[in-house]
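Student: Below are the structure tokens for one structure; questions will follow.
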Amino acid sequence: MASLKEKIGYALGDAAAGGITWKIMSIAFPVFFTSIFGLTVADTALLMLIARMFDVVTDPLMGSLADRTQSRLGTYRPWLIYGAIPFGLIFALLLYTPDFGPVGKRIWAYSFYLLMMAIYTAVNVPYGSLLGVMTDDDNEKNQFSSFRMVGAYAMGFITLLSFPYLQKMVGGTEQHQYAVLGIFFGVLAAAGTLACGLLTKERLKPVRAEKFSFKPFADLFKNKPWIYLTLIGICTNFFNGFRYAVAAYMFDYILGKEITISGLIINYTVFMTFGEVTCMIFGGLSPKFTQWMGSKRKAFMTAALICVVFSVLFFFMPKDPAYIWVLIGIVVLTSVGIGLYSPLLWSMYADVADYATEKNGTSSTGLIFSSGTMAQKFGTAISGSLVALLLGAAGFISGTNPETGETVVTITNPEAVKNMVWAIFSIFPAIIAIIMILLTMKYPIKK
């Protein structure tokens, strides 16, 4: 039986990846690249699209490579232990704005964003696959998955809540602030990843294929549960991706960059923090909720329905900072659903990995979990890319002045941009959550 220390160690892995690096990349990167770094809207959208095509290749290959790793440290843990420092370093460089012109900035952003996606894959795919070899007990898998989500959301809460205060502490330009915070959070991410690799144990031995083959890749597309769960996973990250990517624009161009109430600074990161702490609480309650509902499928669909209801409700709220606590309240209620279904998703991936092993005779745990990571990056980045394109279509224009190197933002149709921002935060996610429910109804594993 796994110890509490090991469960906390496993949680630190997603605290680093999901709670720090991915949280900042999801919520800050679209506005960072367009309004601070100085990329055009088109460049930002294209960057994220190219990165996704890159991940389509690297994620499955990484999963297959991880499955075949053999060392004294295990199969998956070595990737966490040796990948921790590059993970934090590349993240820090990505948040640095060099004193280059438009072409130099474009090369820097594309190079380090693709490197970040590669190192994220090299660390996070083995991390997810660990769940399949730490225990064969289904309830314990749910517990590990729940700890993982609590770790991610707890660190996400700390990251987003502290961000504006740390910015003020650092001072200087926004470019300087992001560069310093990139170093700070990069060190934290590296430490959390290393701790996860050192504190966890691999108790089960994967049933390895004797030699490399493309058969496991082909088998995936014959695996009906995998197909449905991958589509569901993409949708969950589209849901979160739209909301996180547009939150900064909602504050910068609708509610005001900062709202200070009784000394509390509410900006876009703090606004989403209320959702993070809700997800942390209900992520911890997810195993009990699943038992109460009777199956993972029913629990997942109920949680997604909560997201639909409150996302639609948000759309009809006034675009007025005077209603900030009402808006926060709806974000909290939406996050109840997110918190309940997030741990279920990774537990369901473990079920799909077990199903594949029973059906095919060899383990493809890393390959199965790599699809979860790919879905995470695909959904989040494509949604971020779409946000940039939709805002551009509504009248938001950004870029770098080639003579001064300064970032320039122009809005040609303020009302259209405001309406688009509001819809991206509410109606678009609601539609995605409805699709999630329909897909989960077809998901064949009924645990």
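Student: Multiplying the sequence separation of residue 103 and residue 408 by 0.36 nm and subtracting their Cα-Cα distance, what value in nm do you get?
Tutor: On the way: separation 305, 0.36 × 305 = 109.80 nm, distance 1.54 nm.
Difference between extended and current length: 108.3 nm.
Student: Taking only C-alpha pairs under 8 Å that are 6+ residues apart, what is the relative contact order of the chain in percent?
Tutor: Details: 796 pairs, mean separation 133.9, N = 447.
Relative contact order for the chain comes out at 30 percent.
Student: On to the next question. Put +1 on the Cβ of every Lys and Arg and -1 on every Asp and Glu Cβ in the chain; which of 295, 126, 27 then has its Cα farthest towards the positive end of the dipole?
Tutor: Positive-end residue among those listed: 295.
Student: Moving to a separate point now. For the Cα atoms of the chain, what angle does the longest principal axis make with the long axis of helix 427-442, in degrees from 0 to 90, nearest 10?
Tutor: Computed tilt is about 10 degrees.
Student: Tell me, what ³J(HN,Hα) does each residue in the range 180-188 have, in order and in whole Hz, if you take phi through Karplus 6.51 cos²θ - 1.76 cosθ + 1.60 with θ = phi - 60° and put x for Gly and Pro?
Tutor: Running phi through 6.51 cos²θ - 1.76 cosθ + 1.60 with θ = phi - 60° gives 5, 5, x, 5, 4, 6, x, 5, 4 Hz.
Student: Quickly estimate the mean residue ellipticity at 222 nm for the chain, helices only: each DSSP H run with n ≥ 4 gives -39500 (n - 2.57), and the total goes over all residues, rounded to 500.
Tutor: Value at 222 nm, helices only, nearest 500: -26000 deg cm²/dmol.
Student: For the range 71-160, which chymotrypsin sites (Phe, Trp or Tyr not before Pro) are in a loop by DSSP, counting at most 15 other Cβ atoms within 10 Å?
Tutor: Working: sites: 76, 79, 82, 87, 91, 96, 100, 108, 110, 112, 113, 120, 127, 144, 147, 153, 157; in loops: 76, 96, 100.
When the chymotrypsin sites (Phe, Trp or Tyr not before Pro) of the range 71-160 are filtered for loop state and at most 15 Cβ neighbours within 10 Å, 100 remain.
Student: Using the heavy atoms of the protein chains and a 1.4 angstrom probe, tell me the accessible area per residue for the range 110-207 in square angstrom. Write down the numbers at each step before the final one.
Tutor: Details: 3630 Å² over 98 residues.
Accessible surface, normalised per residue, equals 37 Å².
Student: In whole Hz, with x marking every Gly and Pro, tabulate ³J(HN,Hα) for the range 12-23 from phi via Karplus 6.51 cos²θ - 1.76 cosθ + 1.60, θ = phi - 60°.
Tutor: With the stated coefficients, the range 12-23 comes to 4, x, 7, 4, 6, 6, x, x, 10, 5, 5, 5 Hz.
Student: Where the only charges are on Cβ atoms (+1 Lys, Arg; -1 Asp, Glu), what is the dipole of the chain about its Cα centre, to the nearest 20 debye? Could you put the intermediate results ahead of the total?
Tutor: Working: 33 positive and 25 negative charges, 248 e Å.
The calculated dipole for the chain is roughly 1200 debye.
Student: Sticking to Cα atoms, compute the Rg of the range 216-294 to one decimal and its Dmax as the biggest Cα-Cα distance, whole number, in Å.
Tutor: My reading of the Cα-based Rg and Dmax gives 18.6, 58 Å.
Student: At 1.4 Å probe size, put 298, 319 in order of accessible surface, largest to smallest.
Tutor: On the way: 298 110, 319 85 Å².
Heavy-atom accessible area, descending, gives 298, 319.
Student: Any chance you could look up the accessible area of residue 441 with a 1.4 Å probe, heavy atoms only, rounded to 10 Å²?
Tutor: Surface open to solvent at residue 441 totals about 110 Å².
Student: List the residues whose amide H sits under 5 Å from the amide H of residue 399, counting only those 5 or more places along or on another chain, with H placed 1.01 Å from N in the peptide plane.
Tutor: The list, which skips near neighbours in sequence, is 408.
Student: A further question on this structure: Tell me, what is the 1.4 Å probe accessible area of residue 68, in Å² to the nearest 10?
Tutor: 70 Å²
The values are calculated or read from the model by the stated rules, or taken from the named source; none is laboratory data. Predicted, not measured: the structure shown is a model, and the values here were computed from it. Cβ sites come from the backbone with ideal geometry, for glycine too, and all protein chains shown count toward neighbours. We work out accessible area using only protein heavy atoms, side chains counted, and drop any ligands, DNA or RNA first. Shrake-Rupley method; radii C 1.70, N 1.55, O 1.52, S 1.80 Å.
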